[in-house]
Amino acid sequence: MRFPQRRLLIRRVELTPPPRPCCLRTTTFSTTAAAASPDRRLLAVLRGCVSPSHLPLGLQVHARAVTAGLHATDTALQTRLVGMYVLARRFRDAVAVFSSLPRGAAGCSLPWNWLIRGLTMAGDYRSALLFYLKMWAHPSAPLPDSHTFPYVVKSCAALGAIALGRLVHRTARTLGLDGDMFVGSALIKMYANGGLLWDARQVFDGMAERDCVLWNVMMDGYVKAGNVSSAVELFGDMRVSDCEPNFATLACFLSVSATESDLFSGVQLHTLAVKYGLESEVAVANTLVSMYAKCKCLDDAWKLFGLMPRDDLVSWNGMISGCVQNGLVDQALLLFCDMQKSGIRPDSVTLVSLLPALTDLNGFNQGKELHGYIVRNCVHMDVFLVSALVDIYFKCRAVRMAQSVYDSSKAIDVVIGSTMISGYVLNGMSQEAVKMFRYLLEQGIRPNAVVIASMLPACASMAAMKLGQELHSYALKNAYEGRCYVESALMDMYAKCGKLDLSHYIFSKISAKDEVTWNSMISSFAQNGEPEEALNLFREMCMEGVKYSNVTISSVLSACASLPAIYYGKEIHGVVIKGPIRADLFAESALIDMYGKCGNLELAHRVFEAMPEKNEVSWNSIIASYGAYGLVKESVSLLRHMQEEGFKADHVTFLALISACAHAGQVQEGLRLFQCMTEEYQIAPRMEHFACMVDLYSRAGKLDKAMELIIDMPFKPDAGIWGALLHACRVHHNVELAEIASQELFKLDPHNSGYYVLMSNINAVAGRWDGVSKVRRIMKDTKVQKIPGYSWVDVNNTSHLFVAADKSHPDSEDIYMSLKSLLLELREEGYIPMPDLCCPTHLDNNNTEN
């Protein structure tokens, strides 16, 4: 198939000179010509004024009519003057001429129709409807005709006044005009755009004659409403009838095939386009290119593009967008350059298609170049282009540049607002996201589903559940909850706010769960101390036939590491090896972390060595695995190998190394690594690094050094740092420092029962029973309840949980008999119980491993 080369033919509208004696060689008039038959000649000239470029000639005709005294007497001339001003888009002048019409002229529908049409074209729908109502109220006005109703219905549809549209429909039916194709087409479009497909179909079925436009309007209504099956059924009826599809028909269905990536239907439509000779239509060809590109058949898209005329902007935009969607950013940039060389000037659509692909560091520089092109060539900055620029700067971590683009934009709408909110959340600026959301409300901009889904992660990061619940309520009122991305965001928000029950409730109510929804719920369970629920959900996901991804595998492996349950981890490892997907770097790193936390360093190292490619995450995982067991020498050796391979250590690397030194009690080595991180690598220490250093000093009994470090910290210490110090005070019996640490902990985390229990035990060991009573009184006043800790043991691939004095296990009698026998043997060997070292240290996520 080959598209013939086409050139755009522009038919020039020329004014044919009237016969003598009136000769219009120029735009001035001959006095003799005007005197011969002025009304007929002037009317003929006005009929030729059909565009804004003919306005000067129309103004001269109007002036000559006023001079000749015809303006107040010739009704046909005045009516045509109204039409001339409407076609020239001078609507105020049209209204002025209409207002000067004599009462008798109002008895004709033509001037009314001209004015209603003009006001509708100008977007002044309210005024158009007002003149329609005046048409009924005027004593000498005629009844509306088939030229009146299409524009009145269009105005009703534009204003969303469906009730008034129904009244107009009833009036047209009373006058017997509802069967007119133009009136019917307008009614169908109004009902379809308003979501009233049944009413639209009633009008369509009631039409005695149907042209291609009517079929297209009805099918387009079904497509826009998402009822593709009915649209396809109607298309079959159209083919059975005598009406042949045109380019608009095929373009409509090809766009559906492109959106759904339905290659089979797209090829069938391509065949129909060839059959009806429509493949050379630019609209059809452009949609075909888009369809093949979105169906990942870029070679076919290239072939079509090569056969198309190169003077069409939409064709270039479609091909550039196709390259971007298929990850061919370099080819998209080359096309962008070729486009300019061929003389086609890129517009905002071109740039909006190209910018989202430029998100890495090199893309940041290319994005700035495109921004420079926009400024130099004065490209119109519509809301979509502003949003695309803001989005790329946020994704490249250039927050100031994003804010600068936003500040320079003249207007803000919901699209720009949602992009700003998403960008702030992406860069950890949740407070700024909330401010932007409030600004949208102040400006009277109604948040849509995308804004709500963008705001919920900000609530999650700040643990602002009250605001999250308000957004949830807004989503319910506006029927946004049924959208998958909103539900996933709600699940994640509740999970991160500690409300796993609400998160799981929303998950259970979702009828059509996709991979993202499952992954979000599994990850929430794994990260919130419910690893068994995460594993059960993964089994359920597999049983329902939902395809899992590397994101799923990473979350499930994290749950196995938290149990720890190495047998489950090995099963999932087997699934990765034998399954349909190949593990990526992050899934393999999760495997290393799982084996490390389950105590099998040999398997962790074997997975690491078998990786074909490694990144910083995989190196950090193996270093942390060795560091968790205090193997400082091996961890530092891995750091050297990491550097030799060309990878640069980051803050996570040094966190694992310093933690390894804390476990091994190597204070000097930990201090050296901390100084190396800050001085040699220029990495600013975070709260986690200071917590590890406090733990390092505390485990070594250097509590004074730990306290000095806390005092000298550049920011206020959190509960983790004070908790590490309190734990060390229990081990080293430092009651004074324990008092200081506990007071801070009671302020920072007043509902964590573990800190109260730990401080109570420190006081009890020191014999300070008044201190014990004080802590218990504080717990009672703040309504804090002690949550019992539990221990578990894995026997024959099954985890068994126990709490203190637990007798719920079916084999509890045998277990306690064995325990008593073991205690007797220990005492015979000289074991002396030390209850002060056996009390729970702290309770993390409501669990404690004793």
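The values are calculated or read from the model by the stated rules, or taken from the named source; none is laboratory data. All figures in this text were calculated on a predicted structure; none of them were measured in a lab. Backbone-built Cβ (ideal geometry, glycine too); neighbour counts: all protein chains shown. The area values use the complete protein model at the heavy-atom level, side chains included, leaving out ligands, DNA and RNA. Shrake-Rupley method; radii C 1.70, N 1.55, O 1.52, S 1.80 Å.
Some points to look at:
- Residue check, Lys189 charged (D, E, K, R), touching a Gly at 6+ places or on another chain (Cβ under 8 Å), part of a helix (DSSP H, G or I) and open to solvent by 80 Å² or more (accessible area, probe 1.4 Å): yes
- Leading residue by the ranking (most open to solvent (accessible area, probe 1.4 Å)) among those in region 155-186 that are at pLDDT 80 or above and of a type in the set (D, E, K, R): Arg170
Yes/no matrix, rows are residues, columns are (1) more than 23 Å from Trp619 (Cβ to Cβ); (2) open to solvent by less than 60 Å² (accessible area, probe 1.4 Å); (3) part of a helix (DSSP H, G or I):
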| position | (1), (2), (3) |
| --- | --- |
| Ser508 | yes, no, yes |
| Met521 | yes, yes, yes |
| Leu535 | yes, yes, yes |
| Lys547 | yes, no, no |
| Gly599 | no, yes, no |
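- Looking across region 465-480, the residues that are crowded, with 19+ Cβ neighbours inside 10 Å and either at pLDDT below 85 or under 18 Å from Gly498 (Cα atoms) (or both) come down to Gly468, Leu471, His472, Tyr480.
- Pick from region 397-428, criterion under 17 Å from the mean Cα position of the chain (by Cα) and either of a type in the set (Ser, Thr, Tyr) or not in a helix (DSSP H, G or I) (or both), ranking: surrounded by the fewest Cβ atoms within 10 Å (Cβ to Cβ): Gly428
- Scan region 672-699 for residues that are open to solvent by 50 Å² or more (accessible area, probe 1.4 Å), farther than 17 Å from Ile721 by Cβ and either part of a helix (DSSP H, G or I) or in contact (Cβ under 8 Å) with a residue 60 or more places away in the chain (or both) and the total you get is 4.
- Condition check for Ala489: modelled with pLDDT of 90 or more, surrounded by 19 or more Cβ atoms within 10 Å (Cβ to Cβ) and under 23 Å from Ile416 (Cα atoms): no
- Here Met611 clears all of (1) of a type in the set (A, V, I, L, M, F, W, C); (2) within 36 Å of the chain's Cα centre (by Cα); (3) under 27 Å from Glu530 (Cβ atoms) except the condition numbered (3).
- Of all positions in region 697-709, at least one carries a residue that is under 19 Å from His663 (Cα atoms) and among the polar types (S, T, N, Q).
- Filtered by the rule that a residue be within 42 Å of the chain's Cα centre (by Cα), assigned to a helix (DSSP H, G or I) and of a type in the set (Asp, Glu), region 643-671 gives a lone residue, Glu644.
- Inter-residue pairs, beta-carbon under 8 Å, first surrounded by 20 or more Cβ atoms within 10 Å (Cβ to Cβ) and in region 434-457, second of a type in the set (Lys, Arg), 6+ apart: Ala453/Arg483
- Of all residues in region 273-282, exactly one satisfies the criterion of being part of a helix (DSSP H, G or I) and surrounded by 20 or more Cβ atoms within 10 Å (Cβ to Cβ), namely Ala273.
- Of the numbered criteria (1) outside any helix (DSSP H, G or I); (2) farther than 19 Å from Thr517 by Cα, the one Glu481 fails is (2).
A quick yes/no check of all residues on (1) open to solvent by 70 Å² or more (accessible area, probe 1.4 Å); (2) part of a helix (DSSP H, G or I); (3) closer than 24 Å to Arg210 by Cα:
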| site | (1), (2), (3) |
| --- | --- |
| Asp242 | yes, no, yes |
| Pro245 | no, no, yes |
| Ala251 | no, yes, yes |
| Ser265 | no, yes, no |
| Thr271 | yes, yes, no |
| Val284 | no, yes, yes |
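- Qualifying residue in region 138-154 (condition: surrounded by fewer than 16 Cβ atoms within 10 Å (Cβ to Cβ) and part of a helix (DSSP H, G or I)): no
- Asn365 meets all of the listed conditions (1) in contact with a Leu (Cβ under 9 Å, 6 or more places away or on another chain); (2) buried (at least 18 other Cβ atoms within 10 Å of the Cβ) but one, namely (2).
- Qualifying residues in region 562-583 (those that are under 19 Å from Ala610 (Cβ atoms) and among the hydrophobic types (A, V, I, L, M, F, W, C)) - the one surrounded by the most Cβ atoms within 10 Å (Cβ to Cβ): Ile572
- Within region 700-725, tally of residues that are free of Cβ contacts under 8 Å to residues at least 40 places away in the same chain and either in a helix (DSSP H, G or I) or in contact with a Leu (Cβ under 7 Å, 6 or more places away or on another chain) (or both): 17
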